[in-house]
Amino acid sequence: MTPPEPVDQATTIPDAGTSAVVLIGPMGAGKTSVGRRVARALGTPFTDTDKLVVRDHGPIPALFRAHGEPHFRALEREAVAEALTRGGVVALGGGAVLDAVTRERLREHRVVLLTVAPHVVASRIHGDDRPLLGGEDPVARWLRIFEERRPVYEETADIAFDTSSGPLVRVVDDIVAWARRVPAGETA
């Protein structure tokens with residue numbers, strides 16, 4: 001991963017064909033919120049893979065209850081493949097990168113890791129119906145899941161941004177500048 005560089009508003013996004021800017025990271029890091037804004041700034045489509053799963057198969061908590069996590073992950077893998085063929089900006093569910101096929105597909109795209117501090121994520125996940133966070137202490141579960149997945153996130157990502165503090169627009173601007181500067185197929 002490389003650190004973000006200052007924003008340069010004068011550059012334009014290179015012709016990337018169907019290459020996507022893919023946002024990965026833990027639950028509550030802001031992948032959907034940031035992704036929508038990055039897509040708008042780049043003038044490109046936005047796809048949230050969780051929304052594709054819900055569109056085609058129903059609510060994620062119901063899928064977990066009825067069929068279990070492995071079934072959901074298979075549906076998620078299909079949604080990621082569909083989203084990547086569209087290009088644009090793609091937000092992946094927090095566990096999507098656990099799948100080896102998905103990680104292999106991501107090699108052809110620019111991958112951004114969004115992180116968030118545990119004390120900040122507490123307010124973001126409060127009241128959510130996320131299947132993996134059920135129980136008495138969702139933040140402790142979130143932290144355990146994040147720590148387990150962190151090596152995969154870091155190995156998969158080309159660059160990382162933290163969404164814990166400061167205006168969200170700063171993270172969006174930094175990602176947009178990076179995406180415009182780094183052509184598809186390159187990581188620095």
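The values are calculated or read from the model by the stated rules, or taken from the named source; none is laboratory data. Owing to the predicted nature of the structure, the values given are computational and were not obtained by experimental measurement. No Cβ is skipped: glycine too gets one built from the backbone with ideal geometry, and neighbour counts run over all protein chains shown.
Counting residues that are within 17 Å of residue 25 (Cα to Cα) and modelled with pLDDT under 80, which helices (runs of 4 or more DSSP H) fully inside segment 75-188 reach at least 1?
Values: elements: 100-106, 118-125, 138-156, 168-181.
Correct list: 118-125, 138-156.
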Exercise. Can you tell me which residues in segment 136-154 are free of Cβ contacts under 8 Å to residues at least 24 places away in the same chain and either touching a helix residue (DSSP H, G or I) at 6+ places or on another chain (Cβ under 8 Å) or surrounded by fewer than 12 Cβ atoms within 10 Å (Cβ to Cβ) (or both)?
Worked result: 136, 137, 138, 139, 141, 147, 148, 151
